[in-house]
Amino acid sequence: MATTTYNYKRVYVWEVPVRIFHWITTFATLILIITGFIIANPPAITTNVEATNSYWFGWVRATHFITAYVLIANLFFRVYWAFAGNQFANWRNFIPYTKKGIKNIFYVLRVDIFLMEDEEHKLSNISVGHNYLAAFSYLIMSLFFLLQVATGLSLIADTSTWWFPKMFTWVTALFGGDIVVRYIHHILTWLFMAFIVVHVYLVLFHDYLEARGEASAMISGFKFIRSERIEKTEEELIEEARKQMWRGKKKEESES
Amino acid sequence: MGTLQKKKSKTYYESLMDKGHSRRDFMKFATFMTAYMGLESSMIGQVVKAMETKKRIPVIWEHFQECTGCTESFLRSDHPLVADLILDNISLDYSNTLMAGAGHNVEEAKHQSMKDNYGKYILIVEGAIPTKDDGVYCTIAGRTAEDILKESAAGAAAIITFGSCSAWGGVQAAHPNPTGSVPVDIIIKDKPIIKVPGCPPIAEVMTGVVMHYAIFGTIPELDNMGRPKQFYGKRVHDSCYRRPHFDAGQFAKSFDSQEAKNGYCLYKLGCRGPVTYNACGSMEWNNGLSYPIKSGYPCIGCSEDKFWDNGPFVERLVNIPGMGIEATADKVGKIAVGAAVGSAVVHAVATNIAKRKEIKNRSQRGKANEENIKA
């Protein structure tokens with residue numbers, strides 16, 4: 001037995017918009033973390049330049065704000081795609097409200113996190129898209145992201161002339177002043193950094209252990225699943241399509 | 001007190017003239033106040049008109065748990081007419097610190113004034129109100145601050161809180177708040193409250209707020225934390241004269257550095273300007289002479305809620321409350337990210353042990369395939 005390998009089928013999991021969303025999030029978050037830490041603790045550079053002729057710190061802040069708006073727009077798009085995208089992008093993945101979802105969370109905790117023996121070896125336990133625990137963690141992180149957005153926008157609301165950040169002035173009043181708001185904004189950055197570590201590790205973990213393209217799926221869009229899990233083979237589907245076409249042609253002929 | 005009762009029927013203009021000020025002084029003052037209240041110069045005429053025709057408003061000024069620093073600041077307002085106007089002409093009927101009288105007589109006079117002007121007077125509150133142990137930590141004439149406040153507020157048209165103590169709780173309410181101090185708006189819920197925070201507030205701001213009410217008869221536009229927008233609408237940072245250094249990334253590293261001497265931005269020395277709403281940058285103190293940042297010291301954010309707890313003052317990042325003295329967010333964050341990396345490494349090693357059969361099995365199969373690749 002040990003010498004036979006399983007047959008795998010290539011499945012299109014992450015559509016182009018999902019992948020674009022993912023990489024915009026990645027690079028925007030990296031830029032925001034880097035510029036954020038520069039803003040929080042800028043290097044004190046000794047210089048002879050007059051203040052009039054230099055604006056580097058202003059540019060760092062501008063980069064931070066522009067990138068933040070890109071990330072916000074990106075999230076708006078992803079919310080739309082949760083309704084428009086394929087089954088793996090759908091909002092239902094992110095809320096474990098079904099029995100199946102809750103069972104899957106415990107499965108993932110048992111087998112992937114606490115590394116216990118998978119006794120059942122049921123193929124349906126292996127998620128094709130997100131597993132329910134991962135998806136739920138993305139939902140939690142997106143809530144923290146909303147808090148990050150709300151605190152960030154409330155901090156620039158007073159110097160902004162746009163209505164959008166002005167919608168968030170209540171956040172300052174809620175937390176009792178800018179100093180606390182800024183503080184929450186700072187702490188959440190660390191939370192996101194810890195999450196990035198866990199996220200990247202678990203992707204590599206799955207890729208290493210399952211070898212079905214977990215990491216590269218976010219580039220190619222494809223993952224591999226055992227062929228037993230596919231109801232109809234590609235050949236069968238092509239055959240069906242051909243028959244359909246043939247029937248259609250016949251119908252056309254009989255009509256004319 | 002009797003003389004004050006008589007003065008009450010006069011307008012602001014009349015009482016100023018009675019004191020021997022010239023029309024020119026009056027016009028200068030009106031212009032000055034218009035500018036301070038953040039109004040356009042076309043409004044000067046209206047301010048003059050209001051001061052010529054409006055009757056003076058009686059003021060009750062209560063002092064509770066505080067240092068009287070707000071009064072001190074107020075007395076040092078730069079324009080001679082500012083203090084004059086409030087102290088003499090707004091008919092200050094009761095103020096523990098400023099009134100000449102004492103004892104039962106003034107208490108009686110206060111009650112008389114409150115009765116006569118019921119629903120019309122402005123109540124100014126300076127200082128926080130202790131609530132622990134039935135409020136015994138601040139008693140005046142045998143009554144607790146809370147009791148006095150409730151009584152004075154009942155007939156007030158509006159309440160103006162002078163200073164951070166009556167606006168937020170201030171130093172008394174700082175951790176661990178031994179006397180259970182609370183700001184005015186925790187106790188009084190049914191009156192319009194104008195918060196004029198600061199430790200102390202700028203004298204011209206205090207006058208400006210009172211004058212706004214006196215002249216227009218309405219409370220000024222407030223932000224969502226109850227502060228008048230014309231004075232607290234901007235952060236100290238947004239009107240700071242050192243702002244170009246901030247944008248240019250020129251920061252002072254320490255108080256004795258060459259950068260500090262050059263007048264660079266004090267951001268890295270913990271300046272709270274970027275998170276503090278106040279008019280220090282535009283109005284400044286002591287006749288527009290200076291303000292902390294101009295004197296080379298970072299803003300400590302004295303007009304912000306819990307400014308005393310959000311220390312240390314000369315560092316950018318404040319300590320996390322309840323996590324020891326030196327627990328800044330960065331320390332906790334580094335530990336959290338370190339723990340994440342550490343557990344990832346441990347998990348990776350554990351994976352290779354726990355799933356060794358699976359990994360071995362798979363690699364055998366893969367190797368078998370490798371040997372069988374068609375040429």
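The numbers here are math on the coordinates, done by the rules we state, and not lab data. Bear in mind that the values here come from a model prediction, so they are computed numbers and not experimental data. No Cβ is skipped: glycine too gets one built from the backbone with ideal geometry, and neighbour counts run over all protein chains shown.
Based on the reciprocal of the average 1/r between different C-alpha atoms, the Kirkwood radius for region A:141-195 equals 11.2 Å. Restricted to Cα atoms, chain A shows a radius of gyration and a Dmax of 24.5, 89 angstrom. So which DSSP H runs in chain B come out at 30 Å plus along the axis (Cα) with average Kyte-Doolittle of at least -0.5? The qualifying helices are B:329-354.
Rounded, prolate or oblate: which fits region A:136-256 when a ≥ b ≥ c are the square roots of the eigenvalues of the alpha-carbon gyration tensor, with rounded for a/c under 1.5 and prolate only if a/b beats b/c?
Taking the square roots of the gyration eigenvalues as a ≥ b ≥ c, region A:136-256 is oblate.
Put in line by how crowded their Cβ is, counting other Cβ atoms within 10 Å and starting with the fewest, B:259, B:371 read B:371, B:259. Projecting the Cα atoms of B:212, B:136, B:21 onto the charge dipole of region B:2-231 (Cβ charges, centred on the Cα centre) puts B:21 farthest toward the positive pole. Taking every C-alpha pair closer than 8 Å and separated by at least 6 residues, the mean separation divided by the residue count of chain A gives a relative contact order of 27 percent.
Along each principal axis, taking the top coordinate minus the bottom one, the Cα set of the protein assembly as shown gives 113, 72, 58 Å in descending order. Over the protein assembly as shown, what is the percentage of antiparallel beta bridges among all DSSP beta bridges, to the nearest 5? Given both bridge residues lie in the protein assembly as shown, the antiparallel proportion sits at roughly 45 percent. Counts of other chain beta carbons within 10 angstrom of each beta carbon in peptide A:41-50 average 6.
Charge dipole of chain B (Cα centre as origin; +1 on each Lys and Arg Cβ, -1 on each Asp and Glu Cβ, all else neutral): 1620 debye, rounded to the nearest 20. Please work out the C-alpha center-to-center distance from region B:236-266 to region B:95-110 and express it in whole Å. With region B:236-266 and region B:95-110 each reduced to a Cα centre, they are spaced 48 Å.
Specify whether the C-alpha gyration tensor of region B:152-196 places it in the rounded, prolate or oblate class, a ≥ b ≥ c being the square roots of the eigenvalues: rounded for a/c under 1.5, otherwise prolate if a/b is larger than b/c and oblate if not.
prolate
Between residue B:98 and residue B:287, full extension at 0.36 nm per residue minus the direct alpha carbon distance yields a gain of 65.9 nm.
Sorted fewest first by neighbouring Cβ atoms within 10 angstrom, B:280, B:67, B:165 come out as B:67, B:280, B:165. On a per residue basis, the convex hull of the C-alpha atoms belonging to chain B measures out at 244 Å³.
Amide H of residue B:129: which non-local residues (sequence gap of 5 or more, or other chain) have their own amide H closer than 5 Å, using H built in the peptide plane? Sorted by chain and number, the residues that satisfy this are B:182.
For region B:236-295, the alpha carbon positions stretch 29, 20, 17 Å along the principal axes, listed from largest to smallest. Ordering B:293, B:280, B:260 by the projection of their Cα atoms onto the charge dipole of region B:236-295, which places +1 on the Cβ of Lys and Arg and -1 on the Cβ of Asp and Glu, puts B:260 at the extreme positive end. Suppose each label sits 7 Å from its Cα in the direction of the beta carbon; what would the residue B:350-residue A:124 distance come out to in nanometres? Label at residue B:350, label at residue A:124, 2.9 nm between them. Just to be sure I understand: with springs between alpha-carbon atoms less than 10 Å apart, which residue in B:210, B:59, B:48 has the highest mean-square fluctuation in the Gaussian network model of chain B? Ranking B:210, B:59, B:48 by mean-square fluctuation puts B:48 first. May I ask for the percentage of alpha-carbon pairs in region B:329-371 that lie more than 13 Å from each other? In whole percent, the share of Cα-Cα pairs in region B:329-371 beyond 13 Å is 66. Ordering B:346, B:125, B:236, B:332 by the number of other Cβ atoms within 10 Å of each residue's own Cβ, fewest first, gives B:346, B:332, B:236, B:125. Based on the Cβ-Cβ distance from residue A:147 to residue A:55, what FRET efficiency comes out when R0 is 22 Å, to the nearest 0.05? It comes out at approximately 0.10. Using only side-chain charges placed at the Cβ, +1 for Lys and Arg and -1 for Asp and Glu, the dipole size of the protein assembly as shown relative to its Cα centre rounds to 1500 debye. Compared with the dominant principal axis of the Cα atoms in chain A, helix A:178-210 is inclined by about 30°. Note on residue B:341 and residue A:23: their simple-model spin labels are 2.7 nm apart, each label 7 Å out from Cα toward Cβ.
Counting only the backbone N, which residues of region A:179-223 are under 16 Å from the spot 7 Å out from the Cα of residue A:9 toward its beta-carbon? Within reach of a label on residue A:9, which here means backbone N under 16 Å from a point 7 Å along Cα→Cβ, region A:179-223 contributes A:222-223.
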